[in-house]
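The values are calculated or read from the model by the stated rules, or taken from the named source; none is laboratory data. Since this is a predicted model, take the numbers as computed values, not measurements. Glycine gets a Cβ as well: all are built from the backbone with ideal geometry, and neighbour counts include every protein chain shown. Quick note on the areas: whole protein, heavy atoms, side chains included, nothing else; ligands and nucleic acids left out. Shrake-Rupley method; radii C 1.70, N 1.55, O 1.52, S 1.80 Å.
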Amino acid sequence: MTKARKTMALVIPLALVAACTDAAKAPAEAAMAAATEAMDSLKGDAARYAPDAVKSLESSYVTARDSMANKDYQGVLTFAKGIPDKAREVLAKVDAAKAALTKEWTETGEATTRTVEAAKSRLHLLSRVKRLPAGVDQATLARASADLAAIEAGRAAAADQYRSGDRSGAVAHAKDLEGRAAALLGSLGAG
């Protein structure tokens, strides 16, 4: 009987552990792993272009992680299950926003280049004439020359900003420069 008791002493704890294991643990662990991978994919541009969506997913992820720590496997399944699909939606929105900003950057840059070139040409022409048109004097030409230099420096700064990944900031900067270039051209009696 002692041998039987020893066997029972070993088997009963194993049986209790097996009986206490929740059937939802494995699916919860898989859902948590998928949610973690999805959250890792959102690092980088997603927080910049879709901050509200990322914060919402982070909230769900934290709740799922806390549920996992508390061994609430049903809670993990509830909160973590939709995170991968929502993360893919966010990434698609980010890609669309980046494409739109790239298009806007290109269009604004081209328009600014045309306006700056027209202003350079007009400034060059006015610096060579003997009689300036009404409303334009030497002080205006000097200001225009300084403004033109500032606009060109701003274009370089906006391009650096764009290359560093701040596309929306670069587009806003470029639009400001486009407006300044148009005003410059207008101050030279053109446009």
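State to the nearest 20 debye the size of the charge dipole of the chain about its Cα centre, where the only charges are +1 on K and R beta carbons and -1 on D and E beta carbons.
Roughly 240 debye, rounded to the nearest 20.
Please give the peptides 123-134, 138-149 ranked by average Cβ packing (other Cβ atoms within 10 Å per residue), highest first, as a rough proxy for protection.
In descending order of packing, they fall as 138-149, 123-134.
Expressed as a whole percentage, what fraction of the accessible surface of region 103-191 belongs to carbon and sulfur atoms when a 1.4 Å probe is rolled over the protein heavy atoms?
Its accessible area is 52 percent carbon and sulfur atoms.
Would you mind checking the tilt of helix 51-69 against the longest principal axis of the Cα atoms of the chain, expressed as 0 to 90 degrees and rounded to 10?
Result, in degrees: 20.
Quantify how much of the Cα-Cα distance distribution of the chain extends past 20 Å, in percent.
The calculated P(r) of the chain puts 70 percent of pairs beyond 20 Å.
Solvent-accessible area per residue for the chain at a 1.4 Å probe radius, Å²? It would help to have the intermediate numbers written out before the result.
Numbers: 11910 Å² over 191 residues.
On a per-residue basis, 62 Å².
Taking θ as phi - 60°, what are the ³J(HN,Hα) couplings along region 155-172 by the Karplus curve (6.51, -1.76, 1.60), each to the nearest whole Hz, with x for Gly and Pro?
Values per residue, Gly and Pro as x: 4, 5, 5, 5, 5, 5, 4, 5, 5, 6, x, 8, 5, 5, x, 5, 5, 4 Hz.
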